1. Quick check: residue separation of L59 and T42 times 0.36 nm, minus the Cα distance between them. What number comes out in nm?
2. What is the extension gain from R21 to D263, computed as 0.36 nm multiplied by their sequence separation minus the C-alpha to C-alpha distance, in nm to one decimal?
3. Placing +1 at every Lys and Arg Cβ and -1 at every Asp and Glu Cβ, with all other atoms neutral, what dipole size does the chain have around its Cα centre, in debye to the nearest 20?
4. Students often forget the sequence filter, so: which lysines lie under 26 Å Cα-Cα from K582 once same-chain residues fewer than 8 apart are removed?
5. If you look at just the Cα atoms of the chain, how large are its Rg and its Dmax in Å?
6. Of all accessible surface on segment 420-461 at a 1.4 Å probe, what whole percent is carbon and sulfur?
7. In straight Cα distance, which aspartates and glutamates are under 12 Å from K74, not counting same-chain residues fewer than 8 positions off?
8. Return the percentage of antiparallel bridges among DSSP beta bridges fully within segment 1-108, rounded to the nearest 5 %.
Amino acid sequence: MTGVHPAWLPRDVDDSIVLTRDPDCGLGEEGYTIARAGGVTTVVAAGEPGLMYGAFHALRLREDCPAATHRPAKARRVMQHWDNVFVHPVMGQVERGYSGGSVFWEDGALTADLDRVSDYARLLAATGINLVSVNNVNVHAGEARLLTDRLGEVAALAGRFRQYHIRVLLSVSFASPVTLGGLGTADPCDPAVREWWAAAARRVYAVIPDFGGFVVKADSEGQPGPFAYGRTHADGANALAAALAPFGGDVYWRAFVYNHRQDWRDRSTDRARAAFDHFSPLDGQFADNVILQVKHGPIDFQPREPVSPVLLGMAATRLAVEFQATQEYTGQQRHVCYLPPMWSAVLSAVADRVDAVVTVSNVGEDPYWTGHPLAQANLYAAGRLAWDPALDPIALLDEWIRLTFPDAAAGVLHALMDSSWAVYESYTAPLGVGFMVKPGHHYGPDVDGYEYSPWGTYHFADRDGVGVDRTVATGTGFCGQYPPPWSARYESLETCPDELLLFFHHVPYSHVLHSGTTVIQHIYDIHFAGAAAVTEMRRRWDALPPALVGEGLHARVGELLAEQERSAVEWRDQINTYFFRKSGVPDALGRRIH
Ligand code: GCW
């Protein structure tokens, strides 16, 4: 490394890495070439971001390799936080946060530890992330003020992120012109409202010239939105987009819009349909700097969902896919659950259609960053997949393991993690049915917890069968929201994949799966197998010499695996007992069902 020493330069870079700037190399701001020979790695890039990504890549390399060119597949690689500034009475400092408090906010104030923000920025930059939102999409009254009189705190965070070429996003409240501006309306077509947003954007760019834009959750779970004024979501998004456009900012407008006050007796309303029903009629109406941000599945980050039809259908709209690294429905960072195989399957269908990959962060003030030390792998791979959605998720796991642990521990870590998502799925809700969690906090089993609730997440189990009929022929018609070949594949019992059977169909317990076993027997088998797999994970971890991975980390993971085993047994027994009682069908293998 010659002469310069920018903030992003990894601490352990030495003369074995040569960074060279070539403005004419034609790789854009973020691309680079990298080659390694005789123990020296050479990085060439046009811009400082490219040199930075190349330097991080150099640290990942062990072997000599011929020159190769790397450019990000997506220009927008986003990490979003659900961090509150003020501790929320129900949701705490971080909504659905399982890693302690926020890295940004503490009890109503900006963190006093901005150096940790810099550390976090370096961590994210090393994975390839280049945009970060610093507050919850549920924007409460105090948090709304980050856009106005508390803007200086956002600027302070932006200053730390800028050192690592990461731009900051802010979640804003659609009602801001009223609640902050004192106007009588937030109608997006009202000229005074539009001018209010334009002035707000001008103030932001005056202090954060590289500001990335706004994230908006509107008309969703109680957040204000354009419906109150008889306007569409295109009207709403475009008003904010017009304010940001002169400065090059984007609006990340969330498609997570559904009726959360549904009557469970109403069988005609299907929450899975909601996003497509709301947004597909607006295809082509959004401004160029609006990115419609779509959860990867049609419901809500369940352990197994089909890809959202919005991501397959809105060809004239810029789209982002949203993943959830924070493990709200996948073990809450108490269970090992390596999620990239799920994300990668989604990306294989939608990567070409999206302009941005967004992940909800799993990071907090925890010393291991992510509560469960092994949940760091989800964070790492989220950034790497945003950079290159075609990367193999299991190769990424091995990359993370190699960078984090000594080689002697790699085999055990791989065995614990590579199929941990499938293991989690197997002892929780079966065959894609979802939402058998305890209401509110969403940890642990409660089969009927949401069955008679207003949230629209039902499984319809009775004495004869289980699952949601979403076919066009006899059900809610959700299958018809998919283009071919998906629509036909999901509509037909013959072609619907087993793992999504109960998402799309209501079937009798005697229905025979493609695997050859009945639904009821599969439920028993998979839950016994899932809990047993966790016992085996725990045994393997306990056999690992603590000194190899560090005593503290070994102890933390060991405690969490004990909890995972307890929880898996609880899931197994409640699910199996529930379905045994409903169906009256005994386990063919005569195992103990309570
Ligand atoms: O799954 C739900 C969560 C909410 C979250 C919401 C969303 C931030 O339970 O906590 O709110 O999704 O994605 O907006």
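The values are calculated or read from the model by the stated rules, or taken from the named source; none is laboratory data. None of the values given here were measured: they were computed from a predicted structure. Positions of Cβ are backbone-derived with ideal geometry, glycine not excepted, and every protein chain shown enters the neighbour counts. Just the protein is used for accessible areas: all its heavy atoms, side chains included, with ligands, DNA and RNA removed. Shrake-Rupley method; radii C 1.70, N 1.55, O 1.52, S 1.80 Å.
1. The L59-T42 span can extend by a further 5.0 nm.
2. On the way: separation 242, 0.36 × 242 = 87.12 nm, distance 6.14 nm.
Value of the extension gain: 81.0 nm.
3. Dipole size: approximately 280 debye.
4. Cα-Cα hits under 26 Å: K438.
5. Final numbers for Rg and Dmax: 24.4, 76 Å.
6. The computed percentage sits at 64.
7. Straight-distance partners of K74: E30, D352, D355, D388.
8. Numbers: 11 of 16 bridges.
That works out to approximately 70 percent antiparallel.
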